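Working notes, beginning with the structure itself.
The values are calculated or read from the model by the stated rules, or taken from the named source; none is laboratory data. Everything numeric here is computed off the predicted structure, so don't read it as measured data. Every residue, glycine as well, gets a Cβ built from its backbone with ideal geometry; the counts of neighbours run over all protein chains shown. Quick note on the areas: whole protein, heavy atoms, side chains included, nothing else; ligands and nucleic acids left out. Shrake-Rupley method; radii C 1.70, N 1.55, O 1.52, S 1.80 Å.
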Amino acid sequence: MTENQPVMLNDRDSLDAWARAQGVRVRVASEEWDSITYEAVAESPDGSRSVRQVRFELPPVEALRRLRRTFVVGMWHNVKGSTCNHVRRVVPPVISASGEDLANSVALVARAQVEEERRDVCGATVSNLRVYTVQRCLNWRPF
């Protein structure tokens, strides 16, 4: 299966129209504290994939609000006697929990992201990833 480089579109309406024409769904491809990237992926009969994306930059006030809610999660697991490390940023949609409950929820989301992205590469799973830090992005400092 081949995949072309994503084609960046100018607005969400164009992405939605392309996705409807292809019969595929639009999903969130990535989230940062200051932007959200949406994408649609269509597979042709020959197995090649076409990807269309649009990046939506958040207004400054909303971006700063999201930055304050963003967490850095550091995790590790063993792979054939070696340690494999992963770090992810997580922006919880709503912060209704606090303290340890919030940290556990954020860590679970990060572990699920790593499993989805890296399981085939290094064997990372939600159950074998060990969390060594969960910190607010604004407070994070490298060791």
Restricting to strands (runs of 3 or more DSSP E) lying wholly in region 1-85: which have 2 or more residues that are under 30 Å from ASN104 (Cβ atoms)?
26-31, 35-43, 71-79
For region 1-35: of the residues being touching a Lys or Arg at 6+ places or on another chain (Cβ under 6 Å) and open to solvent by 50 Å² or more (accessible area, probe 1.4 Å), which is modelled with the highest pLDDT?
VAL7
Taking the criterion of being more than 17 Å from the chain's Cα centre (by Cα), within 30 Å of ARG20 (Cβ to Cβ), of a type outside the set (A, V, I, L, M, F, W, C) and loosely packed, with under 12 Cβ neighbours inside 10 Å, would at least one residue in region 111-128 satisfy it?
no
Pairs where the first residue, in region 7-29, is more than 10 Å from ARG52 (Cβ to Cβ) and the second is part of a strand (DSSP E or B) and of a type in the set (Phe, Trp, Tyr), C-beta under 8 Å, 6+ apart
ARG12/TYR38; ARG12/PHE56; ARG27/TYR38; VAL28/TYR38; ALA29/TYR38
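Within region 129-143, count every residue that is β-branched (Val, Ile, Thr) and loosely packed, with under 14 Cβ neighbours inside 10 Å. I'd like the intermediate steps shown before the answer.
So the first thing to find is which residues in region 129-143 are β-branched (Val, Ile, Thr), and the list is 131, 133-134.
Subsequent filtering for residues that are loosely packed, with under 14 Cβ neighbours inside 10 Å retains none.
Within region 129-143, residues that are β-branched (Val, Ile, Thr) and loosely packed, with under 14 Cβ neighbours inside 10 Å number 0.
Taking the residues in region 67-82 that are out of contact with any Leu (no Cβ under 9 Å at 6 or more places or on another chain) and open to solvent by 30 Å² or more (accessible area, probe 1.4 Å) as candidates, determine which candidate is nearest to ASP11 (Cα to Cα).
Of the residues in region 67-82, the ones out of contact with any Leu (no Cβ under 9 Å at 6 or more places or on another chain) are 69, 72-74, 78-82.
Narrowing the set further to residues that are open to solvent by 30 Å² or more (accessible area, probe 1.4 Å) leaves 69, 78-82.
Numbers: ARG69: 26, ASN78: 43, VAL79: 42, LYS80: 45, GLY81: 47, SER82: 44 Å.
Taking the candidates together, the pick is ARG69.
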Single unsatisfied condition, ASP46 versus (1) open to solvent by 60 Å² or more (accessible area, probe 1.4 Å); (2) of a type outside the set (Gly, Ala, Ser); (3) over 30 Å from MET8 (Cα atoms)
(3)
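Given the structure, is GLY99 under 15 Å from the mean Cα position of the chain (by Cα) and either closer than 17 Å to THR125 by Cα or small (Gly, Ala, Ser) (or both)?
Working: under 15 Å from the mean Cα position of the chain (by Cα): no; either closer than 17 Å to THR125 by Cα or small (Gly, Ala, Ser) (or both): yes.
No, not satisfied.
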Just checking, how many residues over region 53-66 are under 17 Å from the mean Cα position of the chain (by Cα) and open to solvent by less than 70 Å² (accessible area, probe 1.4 Å)?
5
VAL90 passes all but one of (1) buried (at least 17 other Cβ atoms within 10 Å of the Cβ); (2) over 24 Å from ARG12 (Cβ atoms); (3) modelled with pLDDT under 95; which number fails?
(2)
